[in-house]
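Step one of this worksheet: look at the structure below.
The values are calculated or read from the model by the stated rules, or taken from the named source; none is laboratory data. Keep in mind that this is a model prediction, so the values were computed, not measured. Note that each Cβ is placed from the backbone with ideal geometry, even for glycine, and that neighbours are counted across all protein chains shown. Only protein heavy atoms, including side chains, enter the accessible area calculation; ligands, DNA and RNA are left aside. Shrake-Rupley method; radii C 1.70, N 1.55, O 1.52, S 1.80 Å.
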Amino acid sequence: MGLFDIFNRQRQNGHDHVMAVETAMPDIPEATFIEKEKPEQPEEKVIPAFNGGIHLLYDFLDKNYESKGYNDALMNPDTTHLDQNVIALKNDLERSIRKVKTFYEDFIRQINFHITSRSRSGMIDTVEELTVKKETAESHIKQVIEIEEQAKLNEGVGHGIIISYSRGFRNGLAAISGHIILNKNF
């Protein structure tokens, strides 16, 4: 029997060897080799976050500082730790205010350039839209300055984070006392 006689063999019992090999192979699902396209779904429009605006400041002010103070007291129940963290919170608030003010100052400079440029081109509607944006930015920066001035006087929403943190810290101290001292049986 020669080397190439495999290809010239006669069928045995009505089947050739090629058919036997094919039927012996397991079925492989189509999904293994072929990726079917998924039906296109309309994409949801993602609204980008407004980076640097007054929303950054309000996000900072809206955080829960009471639970942070409580947890800090449990970790280090020293009043100097409270004082240091209050100073750190004030610095964080001041830094956030500076970021927001810088953002709006830059934004207003850009708007002024666009207003001047577009008014020279006679784009009246665009200039009016830009003017409205500028007025909104100026209104926001006035709010930021008001928050800053109130925080310096330990008043307003900026001072609210200090009150919240201090309350949480004191509650943490009370919890430690309650757990260690008040629950002891004599």
Please give the FRET efficiency for Ile163 paired with Asn112, using the beta carbon to beta carbon distance and R0 = 25 Å, rounded to the nearest 0.05. 0.05
What does the extension gain come out to for Tyr58 and Arg95, with contour length at 0.36 nm per residue minus their alpha carbon separation? 12.0 nm
Beyond 18 Å, how much of the Cα-Cα pair distribution for segment 113-176 remains, as a whole percent? 62
Net charge near Ile163: determine it from the other residues with C-beta under 14 Å of the C-beta of Ile163, scoring Lys and Arg +1 and Asp and Glu -1. +3
HN-Hα J couplings of segment 120-134 from phi, Karplus 6.51/-1.76/1.60, θ = phi - 60°, integer Hz, Gly and Pro as x? 5, 8, x, 8, 4, 5, 5, 4, 5, 4, 5, 5, 5, 4, 5
Given a 1.4 angstrom probe, what's the average accessible area per residue across segment 66-186, in square angstrom? 66
Ranked packing of 165-172, 120-127, 83-90, most packed first, by mean Cβ within 10 Å: 165-172, 83-90, 120-127
Any chance you could check the Cα centroid distance between segment 144-180 and segment 62-118 for me, in angstrom? 14
Under a Cβ-Cβ cut-off of 15 Å, what is the net charge of the residues other than Asn112 that fall near it, where Lys and Arg count +1 and Asp and Glu count -1? -1
